[in-house]
Amino acid sequence: MGQGGVPRRPQPRDGELGAAVARAQEGDETAFAVAYRIVQPGLLGYLRGLVGDEAEDVASDAWLEIARDLGRFRGDGAGFRGWTATIARHRALDHLRRQRSRPRPARLEQDALELPGRHSTPDQALESLSTERALELVRALPRDQAEAVLLRVVVGLDGPAAARVLGKRPGAVRTAAHRGLRRLARRLGTTADGAADADPPTPGEPT
Amino acid sequence: MGERHSCGGQAGRRRAHPDGTPGAPAGTALGESELETRFGAALRAGGVDPAAERGAVTAFRAARAAGAHDARTRARDDWRPGRPRRARRSLRTTLSLALASLTLGGVAVAAIGSARSGTEHGGGHAPGSARPSSTSAPSTPSTPAHTAPPAAAGRGDTPSAAPSAPSGQPAHPATAGDTLAHCRAYAQVGERGGALDATAWRRLVTAAGGPGKVAAYCTAQAARAEGGSTGRAGGSGNDRSEDKGGGRRRPTGGKP
């Protein structure tokens with residue numbers, strides 16, 4: 001996905017996605033599969049950040065609802081990302097609510113311990129960033145920051161769309177995403193052999 | 001996983017960033033977009049599970065067959081550019097309207113409450129006026145005072161007939177009648193205070209001088225009433241105690 005330039009968001013196939021959704025709404029199941037393949041990775045990444053290992057199950061639930069309600073949807077490819085993210089989020093929150101009522105042993109902390117950053121520079125840490133490590137770092141963020149980052153970075157939503165998914169004002173979401181990203185950068189920097197110049201607060205960074 | 005492939009190129013490209021953002025310390029030197037790209041790639045890694053995809057397509061087919069795709073678009077399904085913001089605003093407007101109506105409703109209810117308590121305290125006759133007027137227009141001693149209320153309540157239509165009759169006199173007989181009525185209700189209902197109209201109950205307790213003195217007070221009142229009209233007390237005692245309930249709740253009881 002890493003394009004050459006400096007893409008604000010990974011939304012490379014929105015045109016294709018929009019067309020596929022339109023055809024799927026007319027009943028084309030192949031087109032629906034195409035849309036699924038475009039959207040699912042981001043959706044799954046977002047759900048992993050929310051519910052961890054249960055992401056696949058929650059995603060399946062979400063897709064059942066997406067498949068059922070597809071006829072209701074209005075919008076383009078980018079809109080479809082937002083719409084599906086909203087559905088997935090609701091399923092994830094349902095899941096978390098259910099989970100809270102019957103708590104289970106936490107596994108994530110253990111997993112996290114096995115993933116030390118043994119890199120000498122932040123660059124290297126970033127370059128060899130594994131899915132597990134990235135997930136661990138994101139899940140360590142406060143929930144609002146994690147969600148803002150995930151929606152922006154993983155699902156590929158722009159600010160207003162992410163805000164709509166979260167039911168917050170765009171400004172608040174933008175701030176949360178900035179904070180989250182800054183914290184991620186710092187974590188990456190400091191876990192890389194502790195050097196990283198003790199990351200003082202960024203001077204005059206607009207938030 | 002999938003992101004390792006680009007180590008070399010990525011590093012080369014990265015170098016450009018600190019130059020673009022001069023002065024940024026090493027810890028945060030990672031350009032934000034760079035960071036986003038890498039995190040995005042890492043978290044989106046892993047292909048699509050074919051089984052999961054089949055499940056989704058099956059659900060799609062089922063929904064299509066069931067005609068679910070003709071369902072109406074709700075506000076939350078409309079992601080056309082431009083729409084969302086309007087939708088958001090209308091949501092906010094809806095919420096503030098709801099809040100405003102709640103507030104106004106609360107004020108209205110509070111006003112009703114205070115108005116009612118005002119009439120009950122200040123007016124005094126408001127609840128009783130209907131009764132005494134029919135009752136005690138003949139404001140003779142005490143007999144009618146406590147015989148008539150039951151009658152009025154029983155008939156149910158009288159109160160409306162003469163609500164405006166006498167205004168000054170009724171107060172006293174009414175109070176006496178009420179007190180007796182409350183006493184009877186008290187005797188019948190006993191400790192189940194909920195059955196007694198709270199205001200009336202409070203008034204009775206206040207008049208008696210305390211919850212403990214109600215019984216004594218009532219006895220005294222009954223005795224005094226008895227002194228006035230001897231004959232009827234026994235005869236109509238039962239009716240009266242029944243009426244008490246009806247009398248007090250006349251507003252509801254009188255309607256049918």
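A short reminder: the numbers here are calculations on the coordinates, not readings from a lab. Not measured: the values here are computed from a predicted model. A quick note on method: Cβ atoms are made from the backbone with ideal geometry, for glycine too, and the neighbour counts reach across all protein chains shown.
Exposure proxy check: A:135, A:188 ranked by fewest other beta carbons within 10 Å? Could you put the intermediate results ahead of the total?
Working: A:135 24, A:188 29.
Lowest to highest Cβ neighbour count: A:135, A:188.
Report the net charge of residues surrounding residue A:62, where surrounding means a beta-carbon distance below 9 angstrom and charges are Lys +1, Arg +1, Asp -1, Glu -1.
Working: positive: A:89, A:91; negative: A:61, A:65.
Summing Lys and Arg as +1 and Asp and Glu as -1 gives 0.
In nanometres, what is the gap between the two model label sites at residue B:202 and residue A:90, each 7 Å from Cα along Cα-to-Cβ?
Taking the two extended label points, one gets 4.7 nm.
Normalised radius of gyration for the range A:136-180, please: alpha carbon Rg relative to 2.2 N^0.38 Å, two decimal places.
Numbers: Rg = 9.2 Å, N = 45, 2.2 N^0.38 = 9.3 Å.
Computed over Cα atoms of the range A:136-180, the ratio equals 0.98.
In what order do A:36, B:217, A:46 fall by count of nearby beta-carbon atoms within 10 Å, going from fewest to most?
Details: A:36 24, B:217 20, A:46 32.
Lowest to highest Cβ neighbour count: B:217, A:36, A:46.
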